Every structure is written in C-alpha cells, then in structure tokens.
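All remarks here apply to the structure that follows.
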C-alpha cells in the first residue's frame, strides 16, 4: 500500500475520495462469451466485463475510470470482420467500448498491425481518447495521438499517460505505420511525467503501457518490455498498468526516489481485470494522504450482461454467419501438435500454400498456435483462423544459401535442447511453466511462433551439436544441388520479413536496415486472405507430410519426442 504525507488525525473538514481504476489489456477480440474460431464457449469477454463494470459503478459512480491497454483489434473473427470486411459500419470495437463507457484507451502493436485505415477509423469512432505519448508523427515531430488525458473526479485530478512498445518496425511493414516513429518508452515516460506534473499538477499519475515486464527481452535496437523499468526508474508515477506479455502481475515495486509504485497486468482475453483502488484524504482541496492498493479480479465466472448481448446481437449474428461459410474441404484431420517434433501436415500445408502463392524456391513457416486442429470434412472460414492466426502479409525475399542455413540454425537453437544423452529433452523447455497464457508460452523457453522450419530444401537437424553446426542442408527438394553462395527466393510472413523473432537479423546476419532491400515482392492483403482464395479454387485439400527434414540421431530423438509430446499434451 502506498502512502504519502503522513498527517495528523483527520479533522472534520477532511474529505476522503475513493477512486477505482480498472484496466483491460490484450482483449484480442474476446467480446462475446463465444470463441468463433474453435466454435466453443469461452471464459473471458466484454460481455462479462459489462456485468462487473455495472456492479463497480454502483459502488464508485463517476469515481470509476475504465481504461484499455491495447491489442483489442486483433484475435477473433469479430474484429477481423469489422476491420476488413464491413468497413462502412461503425466498428464493433468502438461501439462496444462506447457502450461500456471507457474513459481512455491505449494502442497495442496488434492494433497497429491492422493499418492506418482500420485504426484511424476506430480511433475516430471512439467517444474517448486513444493515447500514445511515444507514437510520433514524423512530419510534425509531435505525438500522433494525445500523449495523456486528465480526469477530474470529486476534486481529485488523475492523469493517464499512454505508451506503446517501440518494437513496431521490427514486426510490421512500414505501410501499416507510415509517417510514424516509436520512441523509447522510458525516455518518453520521463519526459511526459515531468510535463504532466508541471502543467497539470495531478494528484494521481497512471502510466498505461502496452509493454511487458522483462526488459532483458529486446527486439532489434528497441527495449520491447519496459514497464518495470518505468516503474523503478521514472519518478512521479503512482500506478503502472501494463500488458503485451500476457502474464498476470500484481505487486508494488520501489521507485528510485523511494516511492512505492503499483504494477498491474490482467493478462489476456478479458478473463481478468486489473483493479487499482486509490483512497485520498483532502484538506482544503489539497491531498494530504494517499493510499493505493491493487488486485486482479477474475471475471470469467460472472454471468454475461444480457443487455450487452442484446445490444450487439446483430453483430454477433453477422460474424457467426461469416465464420460458418464453407470455403472447401479437407481429406483428413491435421493438428499443430506434431509440428514441434518434425515435419507435420499442418505446417507443410502452410509451406505448400506459401510456395504456390509466391512462386518462391524456399518457404519458412512456424506453428502460430500451440494446439490447434482442423477437422476432416468441410473447411469453414473459422478454420482459417486456426490455419493462420495473424494478419501477416506474405513476402518473397532474396537470401543466400548460407543465410538460409544460419536462419535455420537460430530457429532450431530456440526450439531444441542440445541433447547429451538419450534421456534428455528434445525440446528446449522451462523447468517451471509461466502464467497467464496458453501452452505456447507455458513450457517452451522461447516463443513457438519463432520455430521456423523450411520447405523447398532437404536437411537434417543434429540436436547433439551446438548452434552453427546443427543444420546440414542436403539438397533442394527436387534433389538438385543446394549452393551456399547462390541466392534463392524465400517465402516468409511479413512479421519475419521485417525482422520479427530475429531470425533474419541475428540468425541470417542481415542488418535490419537492409531487410527492405531483400524484399522481391509482397502481397497487398494478409496471408489468410490468399490461403482462403487458394482453398476456394482448389476445392478439396489433401494434406501430406513433405518429409523434407528430420531430427537426428533418431535413436535419441524419436523416443525423446514421444516423452516430450506426453509432457506438453496431457490428453
């Protein structure tokens, strides 16, 4: 609990003001209590949040502030539909947030991923400010969005400063954020806290930051996760509300100036809400005492707000109809589970489609979901969100044979353990799982969406060898020679092509500022769109395993794969 200005016993003239500050973060389109991708009920949703917020408003009235911390425009087909299909209607996200009476929002990297046309429209339609102190308009040199917002509640002034992870250029094509730059979070926080303190003289300062806690995880030249750095190093902040890393967190830390700063992260999918309670004692209009506490509230078991559901039934029905459309069929069930242990029908389908769409010689792809499957029979639009989770474009890039090898060396180094005996793990796993996310981040030491395999070439992965010696490329897929010094056309998604995961920069050794020069061509629309079009044209997909690579020595890796499979997938 944070205290300021120890004071004598309260007098009759003292006034106590109670504030409640709620944060949602990384909602990822979880608006309804239904998962349109897997066609199942789900725990988190804005429909349950509505129930909770109504209850808290009865208690706090206007002294409740509701804030969102970004990554709300991507995830479920609900947002995809209103991002890219129906662009004339009011965006469902804006409509819902207005209905819930959000006081402010913050930008997330996946919101930026939708592109100017989408997020600019959404921002215009919101009846509250979307913040972004470190999102800079390069033409003016000023913030593209309001850097902060000030709220006056019952004689108390609350300032909320919004900040976004600056790693956007490492992940997204420049056309999605044209005319913008992203400044360092800590430097920007220091600047704007000072400005706000001097200009607005607030009683409470909240930094809402779309950035994780682990600052040792960097992306290119940017500090991707800086929330704890801000809490510990930037003076003048009372509360840091953060997100991005999908990890629950609720605790206070000491700032360098000796003050206590609360840090709250509700993780993702609107299953929990971060709640900061601020109690202020005012004497003659001045705050003489301030107490802050924080908690995470599980809303997943709350009843849905039927008024909310009735209000947005037309949008629910529209999206349900959209995802129920048949686009083709598939001859057998495929799953991402096998993708971690060798060639798999799921990833090889992605490889085959990428090669067909791009005409490239080599394809790179990773399992974007930890445990996803497409069942034998009809392929529906909803299945395409399993096959391809993100709205990435498809790039065709120029890489040398040696760069392809080094790219794969890094990928498999992130993915596999270096086995020293037959009883070792094949996969590089944590001893203790993380919290707050699905299995993709629970047991793996690294993010599985960076576990790229290749198609178009034949190779082995020797897991007894160190990085640099694991990969042996035997030939092209057709048996022709593979040349380390020759340039090849390589299909990758735009996240990877812009440097995401570091496989092209740290792995292949291509300077980040030279990546754009390597792009031969790029699609105009997201890869999922082209995959849907390809399946519509093909009719029936007959997935097969390409069997172009394998882990060796097999007398160790085959039994180890079986053991690790049971560890990851309990059923």
Handout entry: Matching residues in the range 82-96 - criterion: being more than 14 Å from residue 126 (Cα to Cα) and surrounded by 15 or more Cβ atoms within 10 Å (Cβ to Cβ)
Key = 82, 83, 84, 86
Problem - Flag if residue 167 is surrounded by fewer than 21 Cβ atoms within 10 Å (Cβ to Cβ) and either more than 30 Å from residue 287 (Cα to Cα) or in contact (Cβ under 8 Å) with a residue 24 or more places away in the chain (or both) - result: no
Completion exercise
So the strands (runs of 3 or more DSSP E) completely within the range 144-261 holding 1 or more residues that are closer than 25 Å to residue 494 by Cα and touching a strand residue (DSSP E or B) at 6+ places or on another chain (Cβ under 6 Å) are 156-164, 180-182, 204-210
Exercise for the section: Return yes or no: is residue 381 closer than 30 Å to residue 53 by Cα, within 24 Å of the chain's Cα centre (by Cα) and buried (at least 19 other Cβ atoms within 10 Å of the Cβ)? Expected result: no
Practice task
Evaluate the following for residue 528: is it touching a strand residue (DSSP E or B) at 6+ places or on another chain (Cβ under 7 Å) and in a helix (DSSP H, G or I)?
Solution key: no
Completion exercise
Of the residues in the range 25-73, those that are surrounded by fewer than 24 Cβ atoms within 10 Å (Cβ to Cβ) and within 14 Å of the chain's Cα centre (by Cα) come to 28
Fill in the blank from the handout: All-but-one check, residue 509 against (1) in contact (Cβ under 8 Å) with a residue 24 or more places away in the chain; (2) more than 30 Å from the chain's Cα centre (by Cα), failing number (2)
Practice task
Could you tell me whether the range 390-402 includes any residue that is out of contact with any strand residue (DSSP E or B) (no Cβ under 7 Å at 6 or more places or on another chain), in the same structural domain as residue 349 (by TED's automatic domain parsing) and farther than 26 Å from residue 477 by Cα?
Solution key: yes
Practice task
Would you please name the residue that is nearest to the chain's Cα centre (by Cα), looking only at residues in the range 346-367 that are buried (at least 22 other Cβ atoms within 10 Å of the Cβ) and more than 22 Å from residue 473 (Cβ to Cβ)?
Solution key: 346
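Among the residues in the range 300-309, are any more than 27 Å from residue 43 (Cα to Cα) and assigned to a loop (DSSP other than H, G, I, E, B)?
Restricting attention to the range 300-309, the residues satisfying the condition of being more than 27 Å from residue 43 (Cα to Cα) are none.
Among the residues of the range 300-309, not one is more than 27 Å from residue 43 (Cα to Cα) and assigned to a loop (DSSP other than H, G, I, E, B), which makes the answer no.
The values are calculated or read from the model by the stated rules, or taken from the named source; none is laboratory data. Small disclaimer: the values here were computed from a predicted structure and weren't measured. Neighbour counts run over all protein chains shown; Cβ positions are idealised from the backbone, glycine included.
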